[in-house]
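> Before I ask anything, let me first share the structure, which is written out below as structure tokens.
Read the figures in this text as sums done on the coordinates, not as results from a lab. Note that the coordinates shown come from a computational prediction; the quantities given were computed from them, not determined experimentally. All Cβ positions, even for glycine, are placed from backbone atoms using ideal geometry, and neighbour counts span all protein chains on display.
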Amino acid sequence: MALAVIRFDMRAPGMDPEATSRLYAAALEMGKWADDQGFDLLVLSEHHGADDGFLPSPLVMAAAMAGVTKRIPLNVAALLVPLHDPIRLAEDIAVLDLLSGGRVSIVAGLGYRPVEYAMFDRQWSARGRRMDECLETMIKAWSGEPVDVDGQTVRVTPRPLQQPHPMLMIGGSGKAAAKRAARFGLGFFPPIGDEELSALYVAECERLGKTPGLVLAPHPDQPGTLFVSEDPDRAWAELGPYLLHDAVTYHSWQTADVRSSVNSGATTVEELRAEGVYRILTPDECVELAGALGPMGALTNHPLCGGVPPELAWASLELFAEKVLPRIRDVV
């Protein structure tokens, strides 16, 4: 069966703090609901300095989600590791892992927006080296043993619940990311289904004498964002402008060397609908798609995508839970 996923990035253009607060409250309510409904994964993302308020603090949000849920795994994809202090990051993730009962997983990403590096006074040209240094420090810190940081010996406590550390994967669409994942003995989370890239990761693991970890690449037919409606034409009329904002903004951030299966080149709602990266499907179409995707595919509900009003988001979620979720549990 395809995985049932719910994702939040809290992007919502033009909202004042009171409206944004209500949106965050809705996200927590939806996270609790997804936990109760038996969803397989809750995903949060990170970006900084965005005009539409893209979630800048996914670990804080994950802690809040941990507090209102009991069983659903919590994934941060991606956490922009080089922008953070690695010792503080190790501490925050350890506490989050303890709070959640060991439900945390992290996809470590470099990011692709130089403005974010400038915002935190980090060198864009040194981002790969800094990623390696941060990963080395964090992994050592989670062992509970003393770590040397800039000539100072420090020790991170408490240790996380998951041992030797919370599930950690490397994200990225280039060869350097695949090689980094192999070098650190971590799983690989490419944002695009590139068989050659996945094969490079496996080959590099074998060359280094390491057992390959999970490779979680998206299925070629997997939508980036999914909504469910008995009347997709009406739903596109209501939701289309929000989905288009999400698509156009994300596309404007991309550079030529970044590849992603959720990158859309659409400039109108009609183009977006025809393209297929964002989909609004009937329940029957969702079930059919789940069968085509198989057990490693994902149906990613992004209910507040682009600032979708909660009442419209709930209509899609509840229809998914009522007419899709029970049926895809039986799809092999």
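> What does the net charge come to around Gly193 if you take all other residues with beta carbon closer than 14 Å to its beta carbon, with K and R at +1 and D and E at -1?
-3
> Please give the peptides 146-157, 172-183 ranked by average Cβ packing (other Cβ atoms within 10 Å per residue), highest first, as a rough proxy for protection.
Descending mean neighbour count gives 172-183, 146-157.
> Calculate, for Met119 and Gln254, the FRET efficiency according to 1/(1 + (r/R0)^6) with r their C-beta to C-beta distance and R0 22 Å; round to the nearest 0.05.
Computed FRET efficiency for Met119 and Gln254: 0.75.
> Near the amide H of Ala298, under 5 Å away, which other amide H atoms are found, from residues 5 or more places off or on another chain, if H is placed in the peptide plane?
Leu3, His219
> Then there's this: For the chain, set up a Gaussian network in which alpha carbons nearer than 10 Å are linked by springs, and say which option among Val68, Val287, Val308 fluctuates the most.
Val68
> What is the order of Leu200, Leu208, fewest Cβ neighbours within 10 Å to most?
Fewest-to-most Cβ neighbours within 10 Å comes out as Leu208, Leu200.
> Hey, in the GNM for the chain with a 10 angstrom Cα cutoff, which one of Tyr242, Tyr250, Tyr201 fluctuates hardest?
The residue that fluctuates most here is Tyr250.
> In the structure displayed, which of Lys175/Lys210; Lys70/Lys140; Lys140/Lys175; Lys32/Lys323 lie more than 22 Å apart, Cα to Cα?
Violating the 22 Å Cα-Cα cut-off are Lys70/Lys140; Lys140/Lys175.
> Here's another thing I want to ask about it. How many percent of Cα pairs in the range 1-101 exceed 22 Å?
Pairs farther apart than 22 Å: 31 percent.
> Sorted from fewest to most neighbouring beta carbons within 10 Å, what does the list Ile328, Ile170 look like?
Ile328, Ile170
> Another question, then. Using only the Cα atoms of the range 103-167, build the gyration tensor, take square roots of its eigenvalues as a ≥ b ≥ c, and label the shape rounded, prolate or oblate: rounded if a/c is under 1.5, else prolate if a/b is larger than b/c, else oblate.
Oblate.
> Can I ask one more? Compute the signed sum of charges (Lys and Arg +1, Asp and Glu -1) over the other residues within less than 13 Å, Cβ to Cβ, of His245.
-3
> Here's a follow-up. Quick one: what are the phi-derived ³J(HN,Hα) couplings along the range 121-133, Karplus 6.51/-1.76/1.60 with θ = phi - 60°, whole Hz, x for glycine and proline?
With the stated coefficients, the range 121-133 comes to 6, 10, 7, 4, 5, 9, 5, x, 5, 5, 4, 4, 5 Hz.
> Anyone know which of Ser252, Ser198, Ser105 comes out most mobile in the 10 Å Cα GNM of the chain?
Maximum among the listed residues: Ser252.
> Rounded to the nearest 20 Debye, what is the dipole magnitude of the range 1-134 about its Cα centre when Lys and Arg each give +1 and Asp and Glu each give -1 at the C-beta?
For the range 1-134, the charge dipole is close to 260 debye.
> For a test of the definition: using alpha carbon positions, the gyration tensor, and the 1.5 limit on a/c, classify the range 193-272 as rounded, prolate or oblate.
Here the range 193-272 falls in the prolate category.
> Between Leu3 and Asp284, how high is the FRET efficiency from 1/(1 + (r/R0)^6) when r is the Cβ-Cβ distance and R₀ = 22 Å? Nearest 0.05.
0.70
> What list of whole percents do you get for P(r) of the range 174-332, with Cα-Cα distances grouped in 10 Å bins up to the one holding the largest distance?
10, 33, 31, 19, 6, 0
> On a C-alpha basis, how far is the centre of the range 9-29 from the centre of the range 135-160 in Å? Whole number, if you could?
Measuring centre to centre over Cα atoms gives 36 Å.
> May I pose another question? In square nanometres and to one decimal, what's the mean projected area of the convex hull around the Cα atoms of the range 162-209?
Directional mean of the projected Cα hull area for the range 162-209 stands at 3.3 nm².
> What's the center-to-center distance, using Cα atoms, between the range 167-234 and the range 47-119 in Å?
Cα centres, the range 167-234 to the range 47-119: 19 Å.
> Then there is this: Output the Kirkwood hydrodynamic radius of the chain, Cα pairs only, in Å rounded to one decimal.
Kirkwood hydrodynamic radius for the chain: 20.5 Å.
> Let me ask you something else. Putting +1 on Lys and Arg Cβ atoms and -1 on Asp and Glu Cβ atoms, find which of Ala4, Gly265, Ser57 reaches farthest to the positive end of the dipole of the chain.
In the chain, that residue is Ser57.
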